[in-house]
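Student: Can you keep this structure in mind? I'll have questions shortly.
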Amino acid sequence: MRLLEVRNLEVTYPGGVAAVRGVDLSLDAGRKLGVAGESGCGKSTLALSLLRLLPAQARVSGEILLDGEDVLTMRWGQVRAVRWAGASIVFQGAMHSLNPVHRIGDQIAEPILLHRRATAAAARTRTGELLEQVGLPVSRASAYPHELSGGQRQRVMIAMALACDPRLIIADEPTTALDVMIQAQILRLIEQLVAEQDVGLIMISHDLAVLADTCDRLAVMYAGRVVEEGPARQVYEDARHPYAGALSAAFPRIGDPASRFAPRGLAGDPPDPSAVPSGCAFHPRCPQALAVCATQDQALRDAGPGRQAACVHVGPTVPGPAVAAEDARSAT
Ligand code: ADP
Ligand code: MG
């Protein structure tokens, strides 16, 4: 059975903000799936929905099967159990989610005491093991968050995520706030932990290069949809969807800080999710847009062995003749 299977997930925030618009994903234990896309494409919304951490006003539909059980229809007791022992999440800017007035050892031990009903001594031992696993000396257990560097705090967050042996780890931009050297260390650490413990990993980033280097498979999101999905290196090096191609050209080097904010060669911004363009949502920015792209929605289709892409240029019947992007834009 699949560790995780997401089917036709849709998430709409109040005001008609269609943040996720029909996403299908799957992940096996011990595998690593990267989710890429510019800011605002719905990546964090997808991550939060997997553990039902969305604000109550968000409308959610579809299925999120974790070990075959739908997280969206679980009772709250089950959801709580899943959040600790089933799956856990490492957020961007973890440094801010540690409690500044508690020693980090106590913060790591807390879920172990609460959710595993461990004795204080057993929780202390486990905390020591976890610190070692994430490459921190056990003596750091008595430190307060402000006494640690950003990279060390992110290691503490990873230790907390591992505390109850989750089967799935969701890492949402886990290294974005860190400098390049530390970023690489944290990525290696996450990779190593996933390999050793046979957990599944969903790693979210705007940086395709980082994901291609870390993950087995890659899903590229645009405007709340997956527009391309396939083996990570293939998607990065030989994208089939023009958006995935533009993103990979934008992030040529791991952790290039200059490329963090503005993908080079890709003008404009993703659409406002309350006013997604008709047809293919990417058509107004697409250098390869045809007239049909402004009116015809493009579903994911076969794009080679184990690959899918949602582009009119992919597949057996490509319509012609090509028209300039200007013409496609004026057709909207
Ligand atoms: P990403 O992680 O890819 O940057 P998000 O999932 O954070 O994207 O956001 C997707 C869209 O949903 C954005 O337009 C964002 O402004 C909107 N959004 C995110 N959270 C909320 C919320 N709580 N209420 C309303 N809109 C939201
Ligand atoms: Mg985000």
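The values are calculated or read from the model by the stated rules, or taken from the named source; none is laboratory data. Source: prediction; values computed, not measured. Note: ideal-geometry Cβ built from the backbone for every residue, glycine included; neighbour counts use all protein chains shown. Heavy atoms of the whole protein, side chains included, go into the accessibility calculation; ligands, DNA and RNA do not. Shrake-Rupley method; radii C 1.70, N 1.55, O 1.52, S 1.80 Å.
Student: Which net charge results when you count Lys and Arg as +1 and Asp and Glu as -1 among the other residues whose beta-carbon is under 12 Å from that of Arg225? Provide the component values of the computation, followed by the final result.
Tutor: On the way: positive: Arg21, Lys43; negative: Glu10, Asp24, Glu228, Glu229, Asp297.
Net local charge, Arg225 excluded: -3.
Student: When the dipole is taken about the Cα centre of region 97-161, and only Lys, Arg (+1) and Asp, Glu (-1) are charged at their Cβ, what size is it in debye, to the nearest 20?
Tutor: The dipole magnitude comes to about 100 debye.
Student: At what distance in angstrom do the alpha carbon centres of region 1-16 and region 275-309 lie from each other?
Tutor: 20
Student: Let me know the whole percent of all Cα-Cα pairs from region 174-259 that are separated by more than 16 Å. Please report the intermediate quantities before stating the final value.
Tutor: Working: 1889 of 3655 pairs.
That tail contains 52 percent of the Cα-Cα pairs.
Student: Which order do you get for Met160, Met1, Met181, Met221 if you rank them by accessible area with a 1.4 Å probe, largest at the top? It would help to have the intermediate numbers written out before the result.
Tutor: Values: Met160 45, Met1 185, Met181 135, Met221 0 Å².
Descending order: Met1, Met181, Met160, Met221.
Student: While we're here: For region 66-136, report the translational diffusion coefficient in µm²/s to the nearest whole number, using Stokes-Einstein at 4 °C, 1.567 mPa s, and a Kirkwood Rh over Cα pairs. The partial results should precede the final answer.
Tutor: On the way: Rh = 14.0 Å.
Translational D for this selection: 93 µm²/s.
Student: Among the DSSP beta bridges whose two residues both lie in the chain, what percent are antiparallel, rounded to the nearest 5? Walk me through the numbers before you get to the answer.
Tutor: Values: 27 of 45 bridges.
In the chain, approximately 60 percent of DSSP beta bridges are antiparallel ones.
Student: To test your reading of the geometry: what angle, between 0 and 90 degrees and rounded to tens, separates the Cα axis of helix 104-116 from the longest principal axis of the chain?
Tutor: Around 90 degrees separate the two axes.
Student: Here's another thing I want to ask about it. Which net charge results when you count Lys and Arg as +1 and Asp and Glu as -1 among the other residues whose beta-carbon is under 13 Å from that of His115? All intermediate terms of the calculation are to be shown ahead of the outcome.
Tutor: Numbers: positive: Arg80, Arg83, Arg116, Arg117, Arg126; negative: Glu110, Asp165.
Spelling it out: positives minus negatives among the neighbours equals +3.
Student: Suppose a student asked you for the relative contact order of region 97-161, using Cα pairs under 8 Å spaced at least 6 residues apart; what percent would you report? Mind dumping the intermediate values first?
Tutor: Details: 67 pairs, mean separation 28.4, N = 65.
About 44 percent, as a whole number.
Student: Over 10 Å intervals from 0, what percent of Cα-Cα pairs in region 1-97 sits in each interval?
Tutor: Bin by bin from 0 Å, the calculated values are 14, 49, 34, 4.
Student: Taking the Cα centre of the chain as the origin and placing charges on Cβ (Lys, Arg +1; Asp, Glu -1), which of Leu131, Ala177, Asn99 is farthest toward the positive end of the dipole?
Tutor: Asn99
Student: Using a 1.4 angstrom probe, figure out how much accessible area the chain has per residue, in square angstrom, rounded to the nearest whole. Could the numbers behind the result be given before it?
Tutor: Details: 14590 Å² over 332 residues.
Here the per-residue accessible area is 44 Å².
Student: Taking only the alpha-carbon positions of the chain and ignoring solvent, what does the Debye formula give for the base-10 log of I(q)/I(0) at q = 0.07, 0.08, 0.12, 0.16 Å⁻¹?
Tutor: Taking Cα atoms of the chain as identical point scatterers yields -0.30, -0.39, -0.84, -1.38.
Student: With all protein chains present, how much of the accessible area of the chain (probe radius 1.4 Å) comes from carbon and sulfur, to the nearest whole percent?
Tutor: Values: 7660 of 14590 Å².
C and S fraction of accessible area: 53 percent.
Student: Could you compute the net charge surrounding Arg307? Neighbours are other residues with a C-beta less than 14 Å from the C-beta of Arg307; K and R count +1, D and E count -1. Write down the numbers at each step before the final one.
Tutor: Numbers: positive: Arg217, Arg233, Arg240, Arg301; negative: Asp216, Glu228, Glu229, Glu237, Asp238, Asp302.
Residues near Arg307 contribute -2 overall.
Student: Under the Kirkwood approximation applied to all pairs of distinct alpha-carbon atoms, what is the hydrodynamic radius of region 97-161 in Å? If you can, show how the numbers build up before the last one.
Tutor: Numbers: mean 1/r = 0.0872 Å⁻¹.
Every distinct Cα pair counted, the radius reaches 11.5 Å.
Student: Could you list which residues have their amide H under 5 Å from that of Ser26, counting only those 5 or more apart in sequence or on another chain, with H placed in the peptide plane?
Tutor: Long-range HN contacts for Ser26: Val6.
Student: Let me ask something additional. Please list Tyr236, Tyr243 in order of solvent-accessible area, largest first, computed with a 1.4 Å probe with all protein chains present.
Tutor: On the way: Tyr236 40, Tyr243 0 Å².
So the residues, ranked largest to smallest area, are Tyr236, Tyr243.
Student: Sort 106-118, 163-175 by the packing proxy (mean of other Cβ within 10 Å over each peptide's residues), most packed first.
Tutor: Working: 106-118: 17.8, 163-175: 22.6.
Taking the mean over residues of other Cβ atoms within 10 Å, the ranking is 163-175, 106-118.
Student: Given contacts defined as C-alpha pairs under 8 Å and at least six residues apart, what's the relative contact order of the chain, whole-number percent? Write out the running numbers ahead of the final one.
Tutor: On the way: 691 pairs, mean separation 63.0, N = 332.
Contact order relative to length: 19 percent.
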